[in-house]
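Below: the structure, in structure tokens.
The values are calculated or read from the model by the stated rules, or taken from the named source; none is laboratory data. Nothing here was measured: the structure is a model prediction, and the numbers come from that model. FYI the Cβ positions are ideal-geometry reconstructions off the backbone, even for glycines, and counts take in every protein chain you see. Accessible surface is based on the protein model in full, side chains and every heavy atom, while ligands, DNA and RNA are left aside. Shrake-Rupley method; radii C 1.70, N 1.55, O 1.52, S 1.80 Å.
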Amino acid sequence: MKRTIYFLLILQACLSLSCSSDDDSSSSNEISQKLMGKWYFSDPEVNGYDYNNFFSFRSNSEVAYSYSVDEEVFDYEVGTFKIKGDILTMTFPEDVELVYVQKVVFLDENTVQFVQVEGSSEEPYDGTYYKAE
């Protein structure tokens, strides 16, 4: 009898771990899908689309970053991204590998905030970003 109870407890623990893992994966997929597209740092309705810093998330797990001031593009880099739960990790391998780790918080379907978390090798891109049309 003790073996049966012990076995049932282990089985229940395994099933609950499996379910939480599925929930995490489901959450990651949902966030990943919502992130697809181009996100501008300044609100495009206020500042327009031209010469605005942005991230562009692609379905092949690539992310592009562009940094501009006025009409001059200072930086354009392509890296990779992954999401675990609500944590976004972006890696840009050009020259020196840079790893950014941030929490993703959607304010609505067209507005997202990236919030600093521990584990980033670089100062993260904190702030509010606005989805391009």
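Based on this model, can you work out whether Asp86 counts as open to solvent by 50 Å² or more (accessible area, probe 1.4 Å) and under 17 Å from Tyr40 (Cβ atoms)?
Details: open to solvent by 50 Å² or more (accessible area, probe 1.4 Å): yes; under 17 Å from Tyr40 (Cβ atoms): no.
It is false that Asp86 is open to solvent by 50 Å² or more (accessible area, probe 1.4 Å) and under 17 Å from Tyr40 (Cβ atoms).
A quick yes/no check of all residues on (1) modelled with pLDDT of 95 or more; (2) assigned to a loop (DSSP other than H, G, I, E, B); (3) open to solvent by less than 70 Å² (accessible area, probe 1.4 Å):
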residue: Ser42; (1), (2), (3): no, yes, yes
residue: Glu45; (1), (2), (3): no, no, no
residue: Asn52; (1), (2), (3): no, yes, yes
residue: Phe55; (1), (2), (3): no, no, yes
residue: Val73; (1), (2), (3): no, no, no
residue: Glu77; (1), (2), (3): no, no, yes
